[in-house]
Amino acid sequence: MSAMTPRIRVVTYITAATLVVATGLGCGVIGAAKKVASNLSTITDFSEKLQNGLKLTYRAEYTDTDGKKVTVQQQPPNSVYVDDTGPLLITADSIYACDNSSGTMTCTKSHLNSEDDATAALAASSFGTGGFMAGEVGVVLLLAASVVPQAKVTKSSKKIAGQSSDCVKVDNLQGTSNGDTELKTFTMCITDQGVVSEFQGTDTSGKTAGTTMTSYSTSIDPSLFNPPAGAVINDLDNPSPQPSAPASGEPSAPASGEPSASPSS
């Protein structure tokens, strides 16, 4: 995936926008506050719909601007994000970050303390370095961008992968961070159910990255909620690496948020 990292800059937007409103606008503070209030009003329903989407059970396929594929599957409290390097598996109490770039599928298991940990892990993963936008971080990005005083928020709608989708475009985000490049504008679309169907973001260097949904289904494959077959599991709470068990028979859904011993095929 591309190197643009819009999600990493979310906190910067909130901090910078607050400082601009508080110290940088002088007599324009009231006008800036009204603009922020208008932006918040425009995307409140959008953000709430995104949060509702986090409760759904579904499977979706995406293609990013580089032609790479991303598979997303969710059955709360479990979710999994899969690209060509391997899956990022999030359960009720654990995260498995898997990578095959060394030639061997290796999954690092860490303990999950809160939903914030899951969002941070997703943003820091390979999915957080390109144009893919998960619902969890989409909510944060929208709310952060809406408090940037100069931001312009517009709405539209279209069909994506056969799904009716509402979209918001946020412009004029530049000037809110001190990085070499920063997110200048983005468009995010979500289905009526609240699942991100498209994300396109452009940074101040002119580079655009994004992902578009290509299929959507409410039917899922429970085996995706297990580490890949034969993967080496590095448990941060138990440093002795252990290979996952070979797949046999029908995979079972994880109990209490923990992947079962039968990995995916």
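The values are calculated or read from the model by the stated rules, or taken from the named source; none is laboratory data. Computed from a predicted structure; not experimentally measured. No Cβ is skipped: glycine too gets one built from the backbone with ideal geometry, and neighbour counts run over all protein chains shown.
Residues that are small (Gly, Ala, Ser): which strands (runs of 3 or more DSSP E) entirely in region 162-235 hold 1 or more of them?
Here the list reads 163-171, 196-203, 208-217.
Which one of these is modelled with pLDDT of 65 or more, of a type outside the set (D, E, K, R), closer than 30 Å to GLY230 by Cβ and in contact with a Phe, Trp or Tyr (Cβ under 9 Å, 6 or more places away or on another chain): ASN100, ASN78?
On inspection, the qualifying residue turns out to be ASN78.
Going by what's in this entry, would SER110 be described as assigned to a strand (DSSP E or B), among the polar types (S, T, N, Q), over 23 Å from GLU48 (Cβ atoms) and modelled with pLDDT of 75 or more?
yes
Specify which of the listed residues (PHE127, PHE186, PHE199) is at pLDDT below 85, of a type in the set (Phe, Trp, Tyr) and either touching a Leu at 6+ places or on another chain (Cβ under 6 Å) or closer than 17 Å to MET213 by Cα (or both).
Just a single option satisfies the conditions, and that option is PHE127.
Among the residues in region 42-64, are any modelled with pLDDT under 90, aromatic (Phe, Trp, Tyr) and more than 15 Å from the chain's Cα centre (by Cα)?
yes
Which ones in region 87-114 are of a type in the set (Gly, Ala, Ser) and either within 20 Å of THR214 (Cβ to Cβ) or in contact with a Gly (Cβ under 9 Å, 6 or more places away or on another chain) (or both)?
Correct list: ALA92, SER94, ALA97, SER101.
Of the conditions (1) in a loop (DSSP other than H, G, I, E, B); (2) under 15 Å from the mean Cα position of the chain (by Cα); (3) not hydrophobic (A, V, I, L, M, F, W, C), GLY67 satisfies every one except a single condition; which number is it?
It fails just one condition, (2).
Report yes if some residue within region 144-161 is touching an Asp or Glu at 6+ places or on another chain (Cβ under 9 Å) and at pLDDT below 75; otherwise report no.
Checked region 144-161: no residue is touching an Asp or Glu at 6+ places or on another chain (Cβ under 9 Å) and at pLDDT below 75.
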